[in-house]
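The structure appears below as structure tokens.
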Amino acid sequence: MQISQVHGRKPILVLLACALVLSGCSRMNLAYRNLDLLIPWSLNDYLDMSRDQQTRFRAQLREHISWHCRTQLPGYLDLIERVQAQVRRGSLDESALRAHYENAQEAIQTIALEITPTSVQLLRDLEDRQVRELDEQFEKDRQEREKKYLQPPLDQQIRKRTDRMQERVEQWLGKASAAQRQRIREWARALSEQNQLWLDNRAQWQRSLVEAVRNREQANFDERIARLLQDREVYWTAPYRAAFPAVEQATIDLVIDLYDMADATQRRHLDERLQDMRRDLGSLDCLPATR
């Protein structure tokens, strides 16, 4: 629930939409059981909460995790099962991918709606010094990301983008073929200066959040925070808004092409990864034992 990234929608491997919340963990069961310990520390990257604030936040967070596990994970399991069936039938096409992508967006929106009241209360209760600290940490975050993503020449940015995407792909398909690596390079070049657009957009949202929190005594504070979390696109910069549809389509096209290029070994690897994910999530205590 890191404040700067709630409801984030950066371009993703839409093939893996079912993994949006919990992907990247080799043992998702363990990770999920310990979210109440991990998430406050990511929040503290931006905000030094008092003992009382942390106590309240942890209690609310446990409630959110319980809600998510009971009400949302069953749908994720069904989605994984559908993706597996499509992989095995060879019917995972653009139409299916777009449907999974839309499901993922709906899942993110549902989470944003759920955590909005807690976020509103947490931000309203901040002290002035904490608001200043939040602003300072956002600025530090911006400078660090500019150093990492913008200072290198454009060709290096594209090469690093290629490497990041290839690493993600190989987590799910296994070792990429020469043709797949070339297709990833083409995608990375097509995105060109997307790093600049992404960081400018991120900074604008952060500034909007800080401005809202500075005026947290105003009558419309709840509505402003709700909009920041639930209608994030309203705060997009014009260049990012203009570029987003093409970036989104380019990423969907990439996933389709990579999957079409995948050989039998890679498809088995994907099926096995999905099965592992389904088994881990299905073993969670909050789900029925029959899962």
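The values are calculated or read from the model by the stated rules, or taken from the named source; none is laboratory data. Small disclaimer: the values here were computed from a predicted structure and weren't measured. A quick note on method: Cβ atoms are made from the backbone with ideal geometry, for glycine too, and the neighbour counts reach across all protein chains shown. Side chains included, ligands, DNA and RNA excluded: accessible areas come from the protein's heavy atoms. Shrake-Rupley method; radii C 1.70, N 1.55, O 1.52, S 1.80 Å.
The number of residues in the range 159-197 being within 21 Å of the chain's Cα centre (by Cα) and among the hydrophobic types (A, V, I, L, M, F, W, C) comes to 9.
Name the one entry in D200, D260, D163, D155 that is part of a helix (DSSP H, G or I), in contact with a Phe, Trp or Tyr (Cβ under 9 Å, 6 or more places away or on another chain), open to solvent by 60 Å² or more (accessible area, probe 1.4 Å) and at negative phi. Spell out how you get there, then give the answer.
On the way: D260 fails: in contact with a Phe, Trp or Tyr (Cβ under 9 Å, 6 or more places away or on another chain); D163 fails: in contact with a Phe, Trp or Tyr (Cβ under 9 Å, 6 or more places away or on another chain); D155 fails: in contact with a Phe, Trp or Tyr (Cβ under 9 Å, 6 or more places away or on another chain).
Of the residues listed, the single one that is part of a helix (DSSP H, G or I), in contact with a Phe, Trp or Tyr (Cβ under 9 Å, 6 or more places away or on another chain), open to solvent by 60 Å² or more (accessible area, probe 1.4 Å) and at negative phi is D200.
Only one residue in L254, L274, L284 is open to solvent by less than 50 Å² (accessible area, probe 1.4 Å), touching a Phe, Trp or Tyr at 6+ places or on another chain (Cβ under 9 Å) and part of a loop (DSSP other than H, G, I, E, B), so which one is that? Result of the check over L254, L274, L284: L284.
Restricted to the range 166-197, and to residues there that are open to solvent by 70 Å² or more (accessible area, probe 1.4 Å) and outside any helix (DSSP H, G or I), the residue that is nearest to Y240 (Cα to Cα) is E193. Going by what's in this entry, would A107 be described as free of Cβ contacts under 8 Å to residues at least 60 places away in the same chain and aliphatic (A, V, I, L, M)? No; evaluated as a whole, the condition is false for this residue.
Given the structure, is A212 of a type in the set (G, A, S), surrounded by 16 or more Cβ atoms within 10 Å (Cβ to Cβ) and within 20 Å of the chain's Cα centre (by Cα)? Reasoning before the result, please.
Numbers: of a type in the set (G, A, S): yes; surrounded by 16 or more Cβ atoms within 10 Å (Cβ to Cβ): yes; within 20 Å of the chain's Cα centre (by Cα): no.
Against the criterion (of a type in the set (G, A, S), surrounded by 16 or more Cβ atoms within 10 Å (Cβ to Cβ) and within 20 Å of the chain's Cα centre (by Cα)), A212 does not qualify.
Across the range 74-86, a minimum of one residue is classified as over 30 Å from M49 (Cα atoms), over 22 Å from the mean Cα position of the chain (by Cα), surrounded by fewer than 14 Cβ atoms within 10 Å (Cβ to Cβ) and not acidic (D, E). Set side by side, the residues Q218, Q266 differ, and just one is among the polar types (S, T, N, Q) and assigned to a helix (DSSP H, G or I), which is Q266.
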